[in-house]
Structure formats: C-alpha cells, structure tokens
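The block underneath contains the structure these notes are about, expressed in structure tokens.
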Amino acid sequence: MATAEETKQLPFPDRSEIRIESVLQALADPVRLAMVRQLAGAEEISCSGFDVSVSKSTLTHHLRTLRESGIITGRHQGTTRFNSLRRDDLDALFPGLLDGVLAARR
C-alpha cells in the first residue's frame, strides 16, 4: 500500500469547473481521443502504457490537456504517473456524451 509521501494527486478541475467547450476541444484531437478510448477500457493506465505514436513530450502535453479539461485525473506513485478517466463526473455533467464519443466510428 502506498503512503501519502509515495502517492501524489495531480491537480485537476472540480466537477463544477468542467466546461463542455474544454471537453469537446480536448476530445477533438485524434491522439487524445485514442487515449480516452484506451482509458475507457481500463481502471487506470501509466503514461508509458498508452498505445499512441507520439513522443514522450507530446504525450505529456496530451495528458495535461485531458487533465486540465476535466476528462482524466492523474496521480504519481513513486516515479510512475497513473491516469484514469473521470467517467462518473462526465456522465453526470454531460449524460450520453462519453458513450456517444466512444461509440462513434474510429
């Protein structure tokens, strides 16, 4: 079990601060959409666990965009960063949006 010193939650907006414009803009990018699809099928994914063809710095940018828009949360555990989809928050705020996006043709 991780101690408080070993696990650090990365900042992300509260549910009340999530805006549809930011969510849609983040989901409009094909790489970020692929990452959200991968997260939808997993509890959490480490940064190195995403199957996308981008550099490490570009991946970091995409993760920050997803986190700042309210789509994902991130946490550090030791030297690893884990990411998870904020499905409950997104479903509560925008019913059907995530299901529609995930079901759309790839």
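Worth pointing out:
- Taken together, Gly41, Gly70, Gly74, Gly49 contain a single residue that is crowded, with 16+ Cβ neighbours inside 10 Å, of a type outside the set (A, V, I, L, M) and free of Cβ contacts under 8 Å to residues at least 60 places away in the same chain, which is Gly70.
- Screening Thr58, Thr79, Thr65 for residues that are surrounded by 13 or more Cβ atoms within 10 Å (Cβ to Cβ), under 23 Å from Lys8 (Cα atoms), out of contact with any strand residue (DSSP E or B) (no Cβ under 7 Å at 6 or more places or on another chain) and without any contact (Cβ under 8 Å) to a residue 60 or more places away in the chain leaves exactly one candidate, Thr65.
- With respect to the stated conditions, Asp14 fails to be of a type in the set (Asp, Glu) and under 21 Å from Ala104 (Cβ atoms).
- Hits in the stretch 91-101 - residues which are assigned to a helix (DSSP H, G or I) and surrounded by 15 or more Cβ atoms within 10 Å (Cβ to Cβ): Leu93, Leu97, Leu98, Val101
- Screening Leu24, Leu33, Leu66, Leu39 for residues that are over 20 Å from Thr80 (Cα atoms), modelled with pLDDT of 95 or more and under 10 Å from the mean Cα position of the chain (by Cα) leaves exactly one candidate, Leu33.
- Beta carbons closer than 6 Å, at least 6 apart along the sequence or on distinct chains, never pair a first residue in the stretch 13-26 that is at negative phi with a second that is in a helix (DSSP H, G or I) and loosely packed, with under 12 Cβ neighbours inside 10 Å.
The values are calculated or read from the model by the stated rules, or taken from the named source; none is laboratory data. Please read these numbers as outputs of a predicted model, since none were measured by experiment. No Cβ is skipped: glycine too gets one built from the backbone with ideal geometry, and neighbour counts run over all protein chains shown.
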